[in-house]
Amino acid sequence: MQLPPPLETIPPEIASVEDYEALARERLPASVWAYLNGGSADELAMRANREALLRIKVLPRLLRPMQGAHTRLTLLGTELAHPVIIAPTAFHRMFHPEGELATALGAAATESPMVVSTSATHTLEDIAATSRTPLWFQLYIQPDREFTIALAQRAEAAGYKALVLTADAPLNGLRNREQRAGFSLPPGIEAVNMKGVRAFPPADRVFGSDLLDRAPVWEDIAWLRSHTSLPIILKGVLHPEDAELAIQAGASGIIVSNHGGRTLDIVPAALHALPAIVKKVAGRVPVLMDGGIRRGSDAFIAIAMGADAVLCGRPVVHGLAAAGAVGVAHVLKLLRTELEMTMALAGCRTLAEIRNASLTFAP
Ligand SMILES: Cc1cc2nc3c(=O)[nH]c(=O)nc-3n(C[C@H](O)[C@H](O)[C@H](O)COP(=O)(O)O)c2cc1C
């Protein structure tokens, strides 16, 4: 697959994460852009993620001491420099010739943990060999359970620190934008860690398909735990009762997410689902959130509403498509710097202090 060469330097007019969107769009075929930036059906859930964040305002506190301010946190026993994590996104070689290896380098430059997708286009071992930051491996439990265990054990052997079990996509969402653009995987782009495995039921047949019949259920979490010593983080939780079930099943963390609006379209914004889940979890395991994070101030809001950390999906891929590792690093650097600025201007010295920030809601 031939892409125009990525930028070698970042143009000075690129000042925010969203500025990368236009740069990425120029470099990608229209159908690939539809895959990357689209959501499911009418894209209500995707838009809701942004709209929810935009409606929340912060009442800053003045004249507070800021000596020793920092964004550090400890998550699942690992100390992190800041709370912005690279969300798992598929097929990075479709966006840049160096694919996930470039993303991992960008992550390293900004001390950002990275979640590697099941549908990565480099082997999980090669990504681990390139990485200098904590890696988590995103897993879909496959109809072939033996294959799933082998994949989880490969991740463990390669040094991944956690498994992110994505539970909100037993089948692909209704991706109308992709369909209209005629998207299909370009030649040479392949989920190399999944060779020989069928990922999703066909879009035109849902019930009765053997893949859906063997989709994972709650018992599979205990089963997976019995085959790995890695902590399991459940991704895609929107209902507080599912957060409870996840903890009972032994999950070590929860990601509140609507999959960036790419699965079921009639769900709430991840941010709207967050408070009830935080209340239910009551500090027993970390609660992370993704969907619509485009500014460091968005991360601030999510943390103020109870998230321990956030993940960022599309913007990282925009940076990758525009300028490879440099673009990924710049996107993350912008988010980090904006988070620090927001904290300084709102009078919060630490992430814990963000939790006590006063929020108001714009009508
Ligand atoms: C192009 C693309 C591919 C994705 N692939 C995966 C994936 O392989 N596994 C997964 O768990 N989530 C996947 N997601 C969802 C992201 O992990 C994340 O939940 C979402 O992108 C967050 O929303 P944001 O893009 O607004 O930051 C994907 C999202 C996008 C945009």
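The values are calculated or read from the model by the stated rules, or taken from the named source; none is laboratory data. Keep in mind that what you see is a predicted model, and the values were worked out from it rather than measured. FYI the Cβ positions are ideal-geometry reconstructions off the backbone, even for glycines, and counts take in every protein chain you see. To get the accessible areas, we keep the full protein, side chains included, count just its heavy atoms, and leave off ligands, DNA and RNA. Shrake-Rupley method; radii C 1.70, N 1.55, O 1.52, S 1.80 Å.
Each peptide in 236-247, 146-157 receives the mean, over its residues, of other Cβ atoms within 10 Å, and ordering these scores from highest gives 236-247, 146-157. Here the accessible area is traced with a 1.4 Å probe on the protein chains. For the stretch 131-189, carbon and sulfur cover 53 percent of it. Stretching the chain fully between GLN248 and MET1 yields a gain of 84.4 nm (0.36 nm per residue, less the alpha carbon separation). Positive contributions from Lys and Arg (+1) and negative ones from Asp and Glu (-1), summed over other residues with Cβ under 9 Å from the Cβ of GLY347, come out at +2. In this simple spin-label approximation, ALA81 and ASP210 carry label points 7 Å from Cα along the Cα→Cβ vector, and these lie 4.8 nm apart. Label positions at GLN179 and TRP218, each projected 7 Å from the Cα along the C-beta direction, are separated by 3.3 nm. Eigenvalues of the alpha-carbon gyration tensor of the chain, scaled by 5 and square-rooted, set the equivalent ellipsoid semi-axes at 29, 25, 20 angstrom, largest first.
Dipole magnitude for the stretch 57-146: about 720 debye, using +1 per Lys or Arg Cβ and -1 per Asp or Glu Cβ, origin at the Cα centre.
Charged neighbours of LEU224, selected by a Cβ distance under 13 Å, balance to -2 (K, R count +1; D, E count -1).
Quick check for you: with a 1.4 Å probe and neighbouring chains kept, what is the accessible area per residue of the stretch 1-118, in Å²? Display every interim value, and only then the final one.
Details: 5570 Å² over 118 residues.
Here the residues of the stretch 1-118 average 47 Å² of exposed surface.
Across all C-alpha atoms in the stretch 81-150, the radius of gyration and Dmax reach 12.3, 37 Å.
Applying the Kirkwood pairwise sum to the alpha-carbon positions of the stretch 297-363 produces a hydrodynamic radius of 12.9 angstrom.
Considering only the Cα atoms of the stretch 11-130, their convex hull presents on average a projected area of 11.3 nm². Surface composition of the stretch 300-363: carbon plus sulfur atoms contribute 61% of the solvent-accessible area (1.4 Å probe, protein chains only, all chains present).
Defining a contact as two alpha carbons under 8 Å apart and six or more residues distant in sequence, what relative contact order in percent does the chain show? Mind showing how you got there, number by number?
Working: 758 pairs, mean separation 104.3, N = 363.
Computed over the chain, the figure is 29 percent.
Peptides 223-232, 87-96 ordered by packing proxy, namely the average of other Cβ atoms within 10 Å per residue, highest first: 87-96, 223-232. Averaged over its residues, the stretch 236-363 has an accessible area of 33 Å² per residue, based on protein heavy atoms and a 1.4 Å probe.
With the charge dipole of the chain set up from +1 on Lys and Arg Cβ and -1 on Asp and Glu Cβ about the Cα centre, the Cα lying farthest toward the positive end among the listed residues VAL206, SER358, GLY188 is that of SER358. Per residue, the chain reaches -11500 deg cm²/dmol at 222 nm when only DSSP H runs of four or more residues are counted, each adding -39500 (n - 2.57).
The mean sequence distance of close C-alpha pairs (under 8 Å, at least 6 residues apart), as a share of the length of the stretch 17-127, puts its relative contact order at 19 percent. Remark: the stretch 242-305 projects, on average over all directions, an area of 4.5 nm² (convex hull of Cα atoms).
Of all complete DSSP H helices in the chain, those with a Cα span along the helix axis of 30 Å or greater and a mean Kyte-Doolittle hydropathy of -1.0 or more are 314-346.
Legend: residue pairs LYS279/LYS333; LYS280/LYS333; LYS235/LYS279; LYS235/LYS333, Cα-Cα distance threshold 23 Å; pairs beyond threshold, LYS279/LYS333; LYS280/LYS333; LYS235/LYS333.
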